[in-house]
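These notes concern the structure reproduced below.
The values are calculated or read from the model by the stated rules, or taken from the named source; none is laboratory data. Just so you know, these numbers come straight off a predicted model, no measurement behind them. Neighbour counts are summed over all protein chains in view; Cβ atoms, including those assigned to glycine, are modelled from backbone coordinates with ideal geometry.
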């Protein structure tokens with residue numbers, strides 16, 4: 001119940017955030033512009049709408065996850081509200097998990113809104129439903145999982161660092177994570193045992209965002225296989241669990257006196 005209360009309060013705080021509204025508005029405008037661009041193209045309108053719609057969901061969702069996620073813990077420390085909060089019968093792990101779940105709920109709501117906007121644009125263009133809308137559902141769900149991982153990264157850095165440094169590190173990991181699959185390829189082709197070991201370590205330690213990026217496939221009307229959806233879900237749960245466990249450990253050891 002205490003965790004749910006923190007999550008609900010965090011959700012309300014993020015919904016009231018003006019930056020959040022601006023990002024969502026900009027995302028909706030981008031979806032609308034994709035519809036206009038699609039109307040001007042020849043036989044590529046559906047692909048453009050799907051591609052730009054899912055891409056906008058990822059970009060703006062990532063901005064929300066980073067810039068709001070890094071402030072969830074720091075804001076409480078800066079305003080010293082965490083001191084009075086932790087004097088109540090609330091464990092520190094409940095504080096971290098509650099903040100994470102609250103932002104996760106915000107990202108879920110916004111992902112649903114953005115995905116619904118893309119679906120409506122496609123329905124308007126196609127005058128009905130077809131396989132393209134069904135292809136959007138698993139792709140949008142995987143994007144949400146990627147945002148959940150980004151949020152966990154932001155929460156980890158915010159538990160011990162400043163907002164500026166946390167934002168920088170989170171963004172760098174997000175960018176590198178989208179290319180982490182290359183580390184495996186380079187390691188497999190490397191002739192040096194040391195290089196191979198380092199590259200494999202980076203591949204397994206860094207977030208592999210390619211597990212969630214199926215925008216191009218969905219834009220071509222191909223549905224992401226259920227096996228990939230399940231394996232990506234398991235990966236996200238385990239990776240987020242590890243990151244949040246480290247964040248909780250760090251937060252537990254902080255001295256607020």
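Points worth noting:
- Boolean, residue 249 is over 19 Å from residue 56 (Cα atoms), in a helix (DSSP H, G or I) and touching a residue at least 24 places away in the same chain (Cβ under 8 Å): no
- Residue 163 being in contact (Cβ under 8 Å) with a residue 24 or more places away in the chain and over 21 Å from residue 68 (Cβ atoms): no
- Scanning segment 204-235 for residues that are part of a loop (DSSP other than H, G, I, E, B), without any contact (Cβ under 8 Å) to a residue 60 or more places away in the chain and over 26 Å from residue 170 (Cβ atoms) turns up just one, 225.
- Among residues of segment 149-184, those that are under 18 Å from residue 10 (Cβ atoms) and in a loop (DSSP other than H, G, I, E, B), counted: 1
- Taken over segment 78-109, the criterion of being modelled with pLDDT under 85, within 23 Å of residue 64 (Cα to Cα) and surrounded by 16 or more Cβ atoms within 10 Å (Cβ to Cβ) is satisfied by 82, 93, 94, 95.
- Residue within segment 127-136 that is in a helix (DSSP H, G or I) and surrounded by fewer than 17 Cβ atoms within 10 Å (Cβ to Cβ) present: yes
- Test result for residue 175, more than 22 Å from residue 50 (Cβ to Cβ), at pLDDT 95 or above and under 14 Å from the mean Cα position of the chain (by Cα): no
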